[in-house]
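Please treat every number below as a calculation from the coordinates, not as lab data. This is a predicted model, so every value here is computed, not measured. Neighbour counts are summed over all protein chains in view; Cβ atoms, including those assigned to glycine, are modelled from backbone coordinates with ideal geometry.
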Amino acid sequence: MIRVVVADNQALVRAGLCGTVETAPDLTVVGEAVTGIQAVELARRQRPDVVLMDVRMPDMDGLEATRLITTGPPGPSDIRVLMLTTFDLDEYVYGALRHGASGFLLKDTPPLELLAAIRVIAAGDALLAPGITRRLIGEFAARPTPSPPPAADLLQAITKREREVLTLVAEGLSNSEIAERLHIGTGTAKSHVGHLLTKLDARDRVQLVVLAYRTGLVTA
């Protein structure tokens, strides 16, 4: 059972999200938050698998709440945050990536796609909405970052094949698409991604994408 916390300050939106989640037999809502502070407290108390986080929240915005949920205290967390956004909030999406969000979704996403997105985020298996991901990541990478990029020699720890896989991950490809592109099995592609997560100390594929751009392996 995938445990979900829904954080949105609009009652109707929150009720709709909760109702949608509860229609799935493998998902359950374990809490609702109206403010960013409540979202952080609820996440720490309930330890859900996924938090659906609105960007604009009272008391503390969704970006800061995401940072606190994913980094602690008491330490780095395996709770994954799925940001809810719209195209006119691109700036917030860039911030969400920097603050540890595992994915982002448009608020007008159909219910079945929302449920699928939650499952994807919980599994840490793929990026969401590849078309949107490529556009946002490309713009994100072209913008100045507040902290220095990691040294390019960070990639020295990975193999040539893993570099190829990382490049395709940065393009927003799923494991099956990577397998098809490289003429390897899907299980092999998944193993390569797993090795990359371990070697590069990344918590999910979103961080792999950001790392690929920041090290210069991929350019926008």
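Full extension from THR71 to ALA123: what is 0.36 nm times the residue separation minus their Cα-Cα distance, to one decimal in nm? All intermediate terms of the calculation are to be shown ahead of the outcome.
Working: separation 52, 0.36 × 52 = 18.72 nm, distance 1.88 nm.
In short, 16.8 nm is gained.
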### Task
Just subtract the alpha-carbon distance of THR23 and ASP78 from 0.36 nm times their residue separation and send over the number in nm, one decimal.
17.3 nm
### Query
Between GLU113 and ARG44, what is the label-to-label distance in nm when each label sits 7 Å out along the Cα-to-Cβ direction?
3.5 nm
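Using only alpha carbon pairs under 8 Å that are at least six residues apart, calculate the relative contact order of the range 34-80 and give it in whole percent.
Working: 51 pairs, mean separation 20.7, N = 47.
The value is 44 percent.
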### GLU164 paired with ALA11, simple spin-label distance in nm, labels 7 Å along Cα-to-beta-carbon
5.7 nm
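Assuming a ≥ b ≥ c are the square roots of the Cα gyration tensor eigenvalues, decide whether the range 1-74 counts as rounded (a/c under 1.5), prolate (otherwise, with a/b larger than b/c) or oblate.
Details: a/c = 2.44, a/b = 1.27, b/c = 1.92.
The shape class here is oblate.
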